[in-house]
Amino acid sequence: MQSLKDLKVGQKCVIEKILTSGSMRRRFYDIGLIENTEIECVLKSPAGDPKAYLIRGAVIAIRNENCAEILIRSVGNGN
């Protein structure tokens, strides 16, 4: 299964499962990043880390190390 860090700019996905726990899981929930939420990768920093994601109308930057703990199901391209 793919993780959120595999998402390319312009692609959309749906969150399948969040593997992290504790305070980081709580932070994800606080920004609306929960199972069955559709998100889109909208920007990538020049170095590739972090990437910015459109989550429930807000653009949020998340580091690749945290994205690796979020499993996704792809829903297509934003083109």
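The values are calculated or read from the model by the stated rules, or taken from the named source; none is laboratory data. Computed from a predicted model, the values in this text were never measured in an experiment. Here Cβ is always computed from backbone atoms with ideal geometry, including for glycine, and neighbour counts include all displayed protein chains. We work out accessible area using only protein heavy atoms, side chains counted, and drop any ligands, DNA or RNA first. Shrake-Rupley method; radii C 1.70, N 1.55, O 1.52, S 1.80 Å.
Observations on the structure shown:
- Label zone at ALA61, where the point sits 7 Å out along the Cα-to-Cβ direction: segment 1-43 residues whose backbone N lies under 13 Å: 43
- Take the Cα of ARG73, go 7 Å toward its beta carbon, and the backbone nitrogen atoms of segment 16-45 under 15 Å from that spot belong to 16-18, 34-39.
- Coil-residue trypsin sites (Lys or Arg not before Pro) of segment 1-30, DSSP, other Cβ within 10 Å capped at 15: LYS8
- Short to long, the 10 Å bins of the Cα pair-distance histogram for the chain hold 20, 60, 19, 1 percent of all pairs.
- Hits among aspartates and glutamates - C-alpha to C-alpha of LYS5 under 14 Å, sequence gap 8 or more where chains match: GLU16, GLU40, ASP49, GLU65, GLU69
- Per residue accessible area in Å² of the chain, where ligands, DNA and RNA are left out and the probe is 1.4 Å: 59
- Loop-located GluC sites (Glu not before Pro) in segment 4-54 (DSSP state not H, G, I, E or B) with no more than 16 neighbouring Cβ atoms inside 10 Å: GLU35.
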